[in-house]
Structure formats: C-alpha cells, structure tokens
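Report on the structure given below.
Where a number appears in this text, it was derived from the coordinates with a stated rule and is not lab data. Every value quoted in this text rests on a predicted model; they were computed, and no experiment measured them. A quick note on method: Cβ atoms are made from the backbone with ideal geometry, for glycine too, and the neighbour counts reach across all protein chains shown.
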Amino acid sequence: MKRERGKWLCPTCKITSKRAHLQALHEYFLLLGPTITNSKAREFLQITSLIVAGNLLAEMDLEMEGSKRGSVYQFKINKISPAK
C-alpha cells in the first residue's frame, strides 16, 4: 500500500484504509523486535515525511524513550491489536 492524502491506497485494487499502518507495524514488531525509530518506521512504511511517521507512531500509543532524534518507540503486546 502507498500513503496518499492521509490514507493508504492499494495501487492494484484501489482499496483505501486509514489504519493499514497498524497491521504493518504490528508485523514489524513481531518480525524485527519490540522497538522502532521514526527513521526505521519511515523506511518500513515507505513514507518520506518525518511528521507523518511521528503522527502514525504517536497514534499507536507506544512508549517513547529519549527525545527528538534519539527517540525509540517501544511496542507493548497487550496495548495494540492488529487492524482488521
């Protein structure tokens, strides 16, 4: 899926979702470990905006350690369930 105008759009079937990042990040945490940075989130979600990535991570209510460039977001399995 590709992020366009505040939504995720599947270029093949044209389905849109506002919450597709939740499933993607849930899978990231399961596969790669319980922490992520803004930079890693942008790379994984294939988005360029620092602000959008920060907003998507903040929306997930992850625990944040550090500040500004050194921020690391911690996944807590009992807080987040994948998007349906």
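Here are the numbers for the structure shown:
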| item | result |
| --- | --- |
| The chain: calculated mean residue ellipticity at 222 nm from DSSP helix runs of at least 4, using -39500 (n - 2.57) | -11000 deg cm²/dmol |
| Calculated FRET value between residue 76 and residue 55, using beta carbons and R₀ = 22 Å, to 0.05 | 0.70 |
| Pairwise label distance in nanometres, residue 4 with residue 17, each label 7 Å out on the Cα-Cβ vector | 1.7 |
| Relative packing of peptides 46-56, 64-74 - highest average C-beta neighbours within 10 Å first | 46-56, 64-74 |
| Correct choice for percent of Cα pairs over 15 Å apart that was computed from the model, options (1) 56; (2) 62; (3) 52 | (1) |
